[in-house]
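See structure below.
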Amino acid sequence: MSMVKQFKQTAFFLTALSMIMAFGAPVVRAADPIQIKFSHQNNAYDADQLLGETFKKLIEEKTNGAFQVTVYPGTLTHSESEAMEFIKSGTVDMDTNSAGHIAGYDEDIQFLQLPYLFKNHSHYNVARQSDVIKKILADLEKKTGLIVLGIYSDCNGFAIASTKPINSIEDAKGTKLRCMQNPLFVDIYKDFGFAVTPTDWEELYTSLQTGLVEADDMGVYCNNIFKMSEVVKNYAILQQMWTQKILFISPKTWNKLSDDQKALVRSVAQEAIELTDAWQYAREEEAINKAKAAGVTITYPDTTPFKQASEKVYEKWFAKYPQWKEWYAELQYLDPESRMPAACKK
């Protein structure tokens with residue numbers, strides 16, 4: 001190497017070194033975290049909030065902060081219709097929405113809310129993994145244009161809360177009940193004998209207080225967290241419906257993710273859903289026990305007449321949606337408390 005060339009290389013190195021010393025070494029920046037806005041329409045005591053917090057904790061830990069989730073409990077909107085528009089547009093990334101409301105997009109989701117569709121919690125857990133429910137959710141994706149991450153229990157349908165005790169189906173007759181103005185829900189409660197009375201959610205507390213309505217169809221825990229328990233002091237445990245919530249992610253957000261990231265989001269969402277679903281039932285039992293200890297009237301009416309009244313609902317809705325009858329038979333077979341190996345029956 002010539003002396004001139006060697007001198008030039010040495011001069012270049014010294015110049016670069018002096019710049020590093022003066023200004024610091026160049027910084028190699030990591031990719032910006034993926035920001036996820038997770039919204040729901042309920043308060044911070046609700047199962048939806050637990051779902052959001054669980055998803056946030058798990059995915060942030062599993063990705064070392066490559067995902068960052070912000071949970072908005074009932075602060076962006078209280079309207080489920082508006083929430084659907086937000087997630088379609090990508091204004092929010094993830095959102096929960098009740099199946100009762102989603103029926104406006106896809107009536108097959110109503111099937112999951114037929115009265116006494118599930119016999120018990122173990123039956124529900126098995127059936128929730130069935131091909132029937134997978135098909136319903138796949139069709140829901142097509143009809144809404146959104147990505148479905150899973151389904152979990154809502155707090156409605158566990159019990160009837162009322163201003164007077166309900167000990168039997170006779171006590172239900174004529175009782176003014178507020179429920180979501182969903183055609184299936186209205187049919188169910190009318191066939192039970194209730195006088196279904198439309199009332200805005202925001203007005204339910206004062207409506208119960210003044211006697212405009214006398215009952216609602218939320219469980220004990222949900223009546224507590226929404227303060228309705230201040231004006232209703234009676235609960236009839238009927239387990240009449242297993243209403244559902246759907247967890248969605250915006251397609252605009254989804255399409256930005258790699259295949260590995262999509263798989264991780266699905267996996268973490270399912271973990272969070274399983275926890276939330278189990279938590280919901282644990283809190284309901286806890287709320288029932290606390291209500292009993294506080295002297296609140298808890299009744300366990302014979303559900304046989306309510307199930308018999310439900311036959312009218314099945315007949316009407318199976319005629320409208322014939323595929324539901326086949327789905328119903330398939331899900332009924334999946335009750336673990338009813339099934340036995342053939343050899344055990346001999």
Practice prompt. Only one of these is exposed (fewer than 13 other Cβ atoms within 10 Å of the Cβ), over 14 Å from the mean Cα position of the chain (by Cα) and not in a helix (DSSP H, G or I): 91, 75. Name it.
Written response: 75
Practice prompt. Go over the candidates 269, 329 one by one and state the one that is open to solvent by less than 70 Å² (accessible area, probe 1.4 Å), assigned to a helix (DSSP H, G or I), free of Cβ contacts under 8 Å to residues at least 24 places away in the same chain and not basic (Lys, Arg).
Written response: 329
Fill in: Any pair with Cβ under 8 angstrom, 6 or more apart, that starts in segment 88-109 at a residue that is under 18 Å from residue 135 (Cα atoms) and ends at one that is acidic (Asp, Glu) and modelled with pLDDT of 95 or more
106/139; 108/139
Worksheet item: If we only count strands (runs of 3 or more DSSP E) wholly inside segment 128-237, which ones have 1 or more residues that are under 23 Å from residue 80 (Cα atoms) and within 24 Å of the chain's Cα centre (by Cα)?
Response: 147-153, 156-162, 176-178, 215-218
Discussion item. I need the full set of residues from segment 8-57 which are at pLDDT 50 or above and loosely packed, with under 10 Cβ neighbours inside 10 Å, in order please.
Written reply: 31, 32
Item to complete: Kindly indicate whether residue 256 is assigned to a loop (DSSP other than H, G, I, E, B), at pLDDT 95 or above and open to solvent by 60 Å² or more (accessible area, probe 1.4 Å).
Response: yes
Worksheet item: Somewhere in segment 44-67, is a residue basic (Lys, Arg) and in contact with a Lys or Arg (Cβ under 9 Å, 6 or more places away or on another chain)?
Response: no
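Table: residues versus (1) within 29 Å of residue 93 (Cα to Cα); (2) out of contact with any strand residue (DSSP E or B) (no Cβ under 9 Å at 6 or more places or on another chain); (3) among the basic types (Lys, Arg).
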site: 271; (1), (2), (3): yes, yes, no
site: 283; (1), (2), (3): yes, yes, yes
site: 294; (1), (2), (3): no, yes, no
site: 297; (1), (2), (3): no, no, no
site: 300; (1), (2), (3): no, no, no
site: 306; (1), (2), (3): no, yes, no
site: 310; (1), (2), (3): no, yes, no
site: 313; (1), (2), (3): no, yes, no
Item to complete: Give the residue, chosen from 302, 277, 335, that is outside any helix (DSSP H, G or I) and closer than 26 Å to residue 149 by Cα.
Response: 335
Practice prompt. Answer yes if at least one residue in segment 295-317 is open to solvent by 80 Å² or more (accessible area, probe 1.4 Å), under 30 Å from residue 235 (Cα atoms) and aromatic (Phe, Trp, Tyr), and no otherwise.
Written response: yes
Fill in: Residue that is open to solvent by 30 Å² or more (accessible area, probe 1.4 Å), farther than 14 Å from residue 243 by Cβ and of a type in the set (A, V, I, L, M), where the choices are 148, 126, 132
126
Worksheet item: Quick one: what pairs do we get from segment 335-346, first residue in contact (Cβ under 8 Å) with a residue 24 or more places away in the chain, second open to solvent by 80 Å² or more (accessible area, probe 1.4 Å) and part of a loop (DSSP other than H, G, I, E, B), C-beta under 9 Å, 6+ apart or different chains?
Response: 335/119; 337/119; 338/119
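The values are calculated or read from the model by the stated rules, or taken from the named source; none is laboratory data. Please read all numbers here as calculations on a predicted model, not as lab measurements. Reconstructed Cβ throughout: ideal geometry from the backbone, glycine too, with neighbour counts over all protein chains shown. Heavy atoms of the whole protein, side chains included, go into the accessibility calculation; ligands, DNA and RNA do not. Shrake-Rupley method; radii C 1.70, N 1.55, O 1.52, S 1.80 Å.
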